[in-house]
Ligand SMILES: [Zn+2]
């Protein structure tokens, strides 16, 4: 995609500390602080179930948010080529979605983007690390990305190309949309009411985020280049729960799926891309009944 250079005034970015996490802070988080990650299965030797357990265990006493930086957006975004791409995408996502919210009469707020640098990080959702892959934390409305993930995406999962990376950013942004519209909260209560459907509901939420990612690109059709579509589909396929399970040598167990199969993820991304219509994406979760 030929994205325009980001406008430093239109992105809210920060940089995570490197290694060891950040000291101090007492804030403390209640239960229910939960992160929404891009991928659901074991990818980098970390079991997400285990990871979540770790996070919940560590939430006690974790400060609400300690990511602080005096660096300018321009400095942070120009750190490396991937960071720049990510900021360009964020800027475009803000410009694309703000008017959609205005039209729907829903208050809009830009998400924050924090570049993780390895090590652990205190977030509004507890302590997190780069090893979890990109994620969104509803509690602080922040997307967390370690740009080294993009190398893993390409080298370990075979999903290269700029559009694959934009899809990651746009997917996390999709979770921000869900937070602003209230869909995330609705799903969360449905999950606590019927825990046996929790994974199933999570899948719908992830597919909707994929669809929103596609809808962003579909609304910027003039910027799409040859090969983008293929890169997007390839990435969506690579991070499907079934494909990730197989890749990690685990049994494919549909009941444990949290993000959808490769086929479902490709379908959701394609639906958004082809229609550019967020209402198509809304319907994905409306089916959850
Ligand atoms: Zn997600």
Taking residue 217 as the residue in question, decide whether it is more than 15 Å from the ligand (Cβ to nearest atom) and buried (at least 24 other Cβ atoms within 10 Å of the Cβ).
yes
Out of 172, 154, 206, sole residue that is free of Cβ contacts under 8 Å to residues at least 12 places away in the same chain, under 24 Å from residue 228 (Cβ atoms) and assigned to a helix (DSSP H, G or I):
154
For region 82-121, name all the residues that are in a loop (DSSP other than H, G, I, E, B) and at pLDDT below 95.
116, 117, 118, 119
Hey, residue 166 touching a helix residue (DSSP H, G or I) at 6+ places or on another chain (Cβ under 7 Å), in a helix (DSSP H, G or I) and closer than 30 Å to residue 17 by Cβ or not:
yes
Test: residue in region 114-127 that is within 16 Å of the ligand (Cβ to nearest atom) and under 21 Å from residue 272 (Cα atoms)
no
Members of region 225-260 that are surrounded by 20 or more Cβ atoms within 10 Å (Cβ to Cβ) and within 19 Å of residue 187 (Cβ to Cβ):
241, 257, 258, 259, 260
For residue 139: the one exception among (1) within 16 Å of the ligand (Cβ to nearest atom); (2) under 30 Å from residue 226 (Cα atoms):
(2)
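Go through region 189-211 and report how many residues are within 14 Å of the ligand (Cβ to nearest atom) and more than 11 Å from the chain's Cα centre (by Cα).
9
The values are calculated or read from the model by the stated rules, or taken from the named source; none is laboratory data. Note that this is a predicted model, so its numbers are computed, not measured. Note that each Cβ is placed from the backbone with ideal geometry, even for glycine, and that neighbours are counted across all protein chains shown.
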